[in-house]
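The values are calculated or read from the model by the stated rules, or taken from the named source; none is laboratory data. Keep in mind it's a predicted model, so treat the numbers as computed, not measured. As a convention, Cβ positions derive from the backbone with ideal geometry for all residues, glycine included, and neighbour counts pool all protein chains shown. Quick note on the areas: whole protein, heavy atoms, side chains included, nothing else; ligands and nucleic acids left out. Shrake-Rupley method; radii C 1.70, N 1.55, O 1.52, S 1.80 Å.
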Amino acid sequence: MQGLISITLFVSLLLNGLTLSRQALVISPSRIRNNKDNREMQRSGATPMPSPQHNRTNDAIRALSRNITSLLENLLKNYDSNHHPGYDSGLPTIVKSNILVRSMGPFSEHRMDYSMDCYFRQSWQDRRLSFNGPIETLSLSIKMLEGIWKPDTFIYNGKKSYLHTITTPNKLLRINKDGSILYSVRLTIKAKCSMDLREFPMDHQSCPLILGSYSYDEEDLLYVWDEDQGVKFLGDVELSQFDLISSPYRNASISRKRGLYSVLQVSFNLRRKQGYFLIQVYVPCILIVVLSWVSFWLNREATSDRINLGITTVLTLSTLAMDTRTDLPKVHYATALDWFILITFGYCMASIIQFASVHYFTKIGSGENYQTQEISVLHRKLMEIKGSPSNEPVDGRIIRTDFADWEKLGAELPQMFTTPPVPPCTPSGIEEENVTAIMHEEMKLNIEISDDEDEDDGVATNSAVKIRTNRRHTDRSSRLQQLYYCLVANQSFRAKRKRRALAKGNIINSVSKIDSVSRILFPVTFSIINVIYWWGFIAQNNDFTWNKMDNSKFY
């Protein structure tokens, strides 16, 4: 009996052990799997399974969100979005605004407008949306805007503005416990800017931006600038053609059909950069005018050279003037740039007219053989001084004469070269037939001046001067001195040049008194006009002042 009992106990213990091991086999893999998952989550940086405490926090947040949702539903339950917050009290709703400008430009003279990218913020108080709770400020979805009242702000001088909607509409809405609302949007504004281009390109422009309510007058809605913010800029504003000088703003009113409407006004004061126009227009025009003055240093017999130079400068200036007008609107008045181009165009035309005067009043002959004619006259005059016939060779083509004879001849040169040369006549009244042959031979003559001549002070000795060939004389004056004498038309230097040219059997280029005067008159007057032109625009007063609003531009 005892053996049977012990066998029964053994079997029962064996069955219990098998049951426990089977349960262990069922539970252990799950535990192992959970531990393995937790290690993998820790290794990958994933959030581990929430603890009971964390679950309690999430439950509290969900409860708070449910409370906020019910709070907002209760706020909007009896809310009337058709009336502004001060409708019941009879007071106007005050809307404080500020602008943060991200970028500006371009400014177009053709379309008379400008563009800017900005954040436009408005804040007002609506006590119907005040609440009690542990949170001071609620950041809400923009769908909330559909259920509350907001200002109907628009841009009076706007042309084509739009709201940024990528990736979602760029709007922000926040409500405080006391009912204060902040509403911010990101806008790209294109507004009208009436530009006065009379002083272009030395002009200053004021481009306004006028904001206000579309339907509420001053008795219902009052706009004011935020004293702390107003109009600010995000970093430095870089513009290609302008420098931003200032951006004053003010609160103003506009008279419309229904009465006075409150508006916000800001003026962006700009000064145009002149570097582009100096490089592309002003400097080339001045150089073209200076180039036209080169004709004053060309001899008056070079007819084709002087005419070609004058016409080339006029045509070049005309092309440059037409190019500058392509970027400007077709205004009915002349700009400052137009006046400058007209002045330079007038100087180029004056240089051509000046040569026409020189050619008509002072030039004698056709100009093709003026040197040979003058040499012939010079040879005959020398022979008359020496008492020898002009058509006979002297001492085998060697003329011995004192320097005093050349001085006497030099004193008579102006009369000789401004009167038509009259060929000598034989006693029988027949013209000299061998003039051309004699002039050809005279071109080969050259004069050797004694080394004892003092060239600097123009004093010469009485030593004999011989006519020889192939002897070259050099000037002891420096090149800079010669250039200076040439530019100022020094008469003593020119007299020495004449004497040396006569000694070599050549004639120095003839110069008209009109050319000599023009060399000084044209540069001096052009410089004076430039000083007046630039000083007039630099010294002008460009202080900004608010103008009275033209209500005729608004309805």
Accessible area, 1.4 Å probe, largest first: how do Met112, Met104 sort? Met112, Met104
Would you please state the base-10 log of I(q)/I(0) at q = 0.12, 0.17 1/Å for the stretch 126-270, with intensities from the Debye formula using one equal scatterer on every alpha carbon? -0.67, -1.20
For the stretch 144-212, projected area of the alpha-carbon convex hull averaged over all directions, nm²: 7.1 nm²
Chain lengthening between Arg494 and Asp543 when straightened (0.36 nm per residue, less Cα-Cα): 12.1 nm
Quick one: 3J(HN,Hα) in Hz for the stretch 188-197, Karplus 6.51/-1.76/1.60 with θ = phi - 60°, rounded, Gly and Pro as x. 10, 10, 10, 10, 6, 9, 6, 9, 9, 9
Mind ranking 162-169, 309-316, 70-77 by how tightly packed they are, going by the mean number of other C-beta atoms within 10 angstrom, highest first? 309-316, 70-77, 162-169
Three-way shape label, the stretch 98-162, alpha-carbon gyration tensor, a/c 1.5: prolate
Residues whose placed amide H lies under 5 Å from that of Asp203, excluding near-sequence neighbours: Arg272
Under a 1.4 Å probe, counting only protein heavy atoms, Tyr249 has an accessible area in Å², nearest 10, of 90 Å²
What shape does the stretch 76-124 have by the C-alpha gyration tensor, where a ≥ b ≥ c are the square roots of the eigenvalues, rounded means a/c under 1.5, and otherwise prolate means a/b greater than b/c and oblate the rest? prolate
